[in-house]
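Colleague: This is the structure, below, for whatever I ask next.
The values are calculated or read from the model by the stated rules, or taken from the named source; none is laboratory data. Just so we're clear, the structure is a prediction, and the values are computed from it rather than from any experiment. With ideal geometry, Cβ positions are generated from the backbone for all residues, glycine too; neighbour counts draw on all protein chains shown. What goes into the accessible areas is simple: the full protein's heavy atoms, side chains included, and nothing from ligands, DNA or RNA. Shrake-Rupley method; radii C 1.70, N 1.55, O 1.52, S 1.80 Å.
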Amino acid sequence: MTATPESHVYDLVGVGIGPFNLSLAALADGVPALSTLFLDAKPAFSWHPGLLMEGTVLQVPFLADLVTMADPTSPWSYLNYLKSHERMFPFFFSERFHIPRREYDHYCRWVAESLPSCRFDARVTALVWDEAADAFALTHRSSAGAERRVLARRVVLGVGTSPVLPEPLNALTGDTHHSRILHSADYRTHRAALAALEDVTVIGAGQSGAEVALDLIRTQDGQGQGGPFVRWLARTPAFAPMEYSKLGLEHFTPDYIHYFRALPEERREQLVREQWQLYKGVSEQTLGEIHDELYERTIGGGTPRAGLHPGVELLAAEPVADGYRLTCRHSQQESEFTFHTSAVVSASGYAALRPDFLSADAGLIDWDEHGRYRVDGEYRVALRPGASGELYVQNAEMHTHGVGAPDLTLGAWRAATILNSVVGKPVVPVPDRTAWTTFGAPRTPRLPAPRAPRAAAPSGIAQ
C-alpha cells in the first residue's frame with residue numbers, strides 16, 4: 001500500500017510515547033508556534049502493564065512526574081492531574097511521597113489523551129533522510145494497514161527498551177510445549193496460572209524480581225500452604241537495598257551526568273557495572289515485606305515454602321515433562337547445582353535495541369565501535385555527513401550519560417535539554433548546579449591577594 005504523503009514539515013517528531021517522549025510532548029505543548037507530532041504503535045498509552053500489581057509504588061517521588069522537575073507551572077503536572085480528577089484532598093491526607101504505579105500509569109494516560117500532538121496506532125516502519133525535502137521522512141502504519149508519510153526537521157527516538165532474558169532461557173521461549181518461561185514484564189498476565197503451579201523460580205535481584213517473588217509468596221496461605229514453592233535467584237552477592245541516601249541520590253543529577261560524560265570510555269563502562277545498587281537494588285520496604293511474610297510462615301513451627309539464593313548464576317535450562325531442569329553456579333563457592341522447577345519468571349531487565357525502522361537508511365547513523373549511538377551533551381545523535389537534520393535519543397545513552405539514563409527523576413530535565421536545543425534558546429531553563437556533591441577533583445581555588453601589613457596605630461589610639 002502506498003503511503004499517503006503529508007506536505008507539512010514538523011519542527012519535531014517523536015517516535016515512541018513512553019514517559020520520556022511524553023515528557024517532551026508535554027513541555028513542548030507550552031512553546032508557541034512549535035509544530036510537533038509524537039507517534040506510537042500501541043492503541044493507547046500503557047506503562048509496564050505486566051507489573052502494575054496492586055500495592056506496588058513508584059520508586060521515585062511524585063515530583064518526578066513528566067514536567068515538574070523542569071517546569072512546575074506546567075498544566076501537565078501530577079498535582080494538576082489530581083486536581084482535574086478531584087483527588088487533591090484524598091492525596092493530601094494520604095501523605096504519600098511515592099505514588100502507586102497504577103496511578104502513575106493513569107496520570108500518563110491522562111496527559112497522552114489530552115495532548116493533540118500524540119498519535120497512537122501509528123507504527124513507524126521507516127526513517128530516512130530525504131535530500132530533496134532537506135528533512136527526515138518517517139513512514140508510519142496503522143493496525144488497519146493505512147500508511148502515511150510525515151516530514152520533520154528533527155526527530156527524537158523514545159522507543160524505550162525491550163525485555164531481555166538470560167541466554168540459557170532464550171532458546172526455550174519458542175517451544176510451544178514448554179511455555180512457562182516468561183519475562184517479568186508479562187507477569188501480571190500469567191499471575192493466576194503461576195500461582196496454581198507447584199514450583200516457580202524467579203530470577204533477578206532488582207525491584208521487579210523482588211515484587212514478583214513477594215507476590216507469589218503471598219499466594220500461599222498464612223501457614224505457607226497452597227500456592228507454589230517460590231525460589232528467588234540472583235547473580236548479585238546479596239539481596240541488597242537500592243542506594244537511597246540523600247547524597248547517594250545525587251548520582252541522578254545533571255551534575256553527575258556532566259562529570260560522567262567527561263570520563264574515558266573504559267572508566268564509564270566500569271562505573272556502570274559497579275554502580276548496580278544505584279539502579280538494580282530493591283527498596284528497603286519490599287525487602288522488609290518479604291522478610292515479614294516469611295516470618296509469618298514460621299509461627300507455630302511452620303517452614304516457609306521459599307528459597308532465597310544470592311550469588312547464583314544460571315548456566316543452563318533443559319525442558320522436562322512437567323517443567324524445566326535448571327543448572328546454576330554459586331559464584332563464591334564455585335560449585336554447580338541442579339534443580340527442577342515448574343516455571344521461570346525472569347526479572348532480568350531491559351536493553352536498548354536498535355529499532356527496525358532505522359534499517360531503511362542503513363548509513364544514516366554514525367554508530368560507535370560497539371554499535372551504539374554516539375550521543376552529545378544535548379542528547380543529539382551523530383549522523384552521516386550531509387544529513388543536516390537533528391536526531392535525538394532518550395533512554396539509550398547509559399554508556400555516555402551514566403546510570404540516570406533510565407531513571408524517571410531526570411526525565412523532565414532531559415526533555416527540557418532536548419527542547420531547548422530544538423528551539424535554539426532556553427524556553428524551559430535548566431539549573432547550572434543541582435548537587436551538593438562535587439564529582440571529580442575540585443577546581444583549584446584562586447587564593448586572595450596578600451593583604452598589606454597594617455601600620456602601627458599611634459600611641460593611645462585603640463585599634
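Listed here are the residues, each with its yes/no results for (1) in contact with a Leu (Cβ under 9 Å, 6 or more places away or on another chain); (2) touching a residue at least 24 places away in the same chain (Cβ under 8 Å).
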{"position": "ALA213", "(1), (2)": "yes, yes"}
{"position": "ASP221", "(1), (2)": "no, no"}
{"position": "VAL230", "(1), (2)": "yes, yes"}
{"position": "ARG235", "(1), (2)": "yes, yes"}
{"position": "ALA238", "(1), (2)": "no, yes"}
{"position": "MET242", "(1), (2)": "yes, yes"}
{"position": "LEU247", "(1), (2)": "no, yes"}
{"position": "THR253", "(1), (2)": "yes, yes"}
{"position": "TYR256", "(1), (2)": "no, yes"}
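Colleague: Among the residues of region 387-427, what is the count of those that are on the phi > 0 side of the Ramachandran plot and either open to solvent by less than 10 Å² (accessible area, probe 1.4 Å) or in contact with a strand residue (DSSP E or B) (Cβ under 8 Å, 6 or more places away or on another chain) (or both)?
Modeller: Here the count works out to 1.
Colleague: Another one. Quick one: which of ALA317, ALA347, ALA343 is buried (at least 20 other Cβ atoms within 10 Å of the Cβ), farther than 13 Å from TRP232 by Cα, of a type in the set (Gly, Ala, Ser) and touching a residue at least 12 places away in the same chain (Cβ under 8 Å)?
Modeller: ALA317
Colleague: Of all residues in region 273-294, count the ones that are buried (at least 17 other Cβ atoms within 10 Å of the Cβ), outside any loop (DSSP other than H, G, I, E, B) and either among the acidic types (Asp, Glu) or in contact (Cβ under 8 Å) with a residue 60 or more places away in the chain (or both).
Modeller: 9
Colleague: Within 22 Å of CYS118 (Cα to Cα) and either touching a Leu at 6+ places or on another chain (Cβ under 8 Å) or modelled with pLDDT of 95 or more (or both): does that describe LEU169?
Modeller: no
Colleague: Something else: Can you list the strands (runs of 3 or more DSSP E) lying wholly within region 138-227 that have 3 or more residues being not β-branched (Val, Ile, Thr)?
Modeller: Strands (runs of 3 or more DSSP E) meeting the threshold: 147-152.
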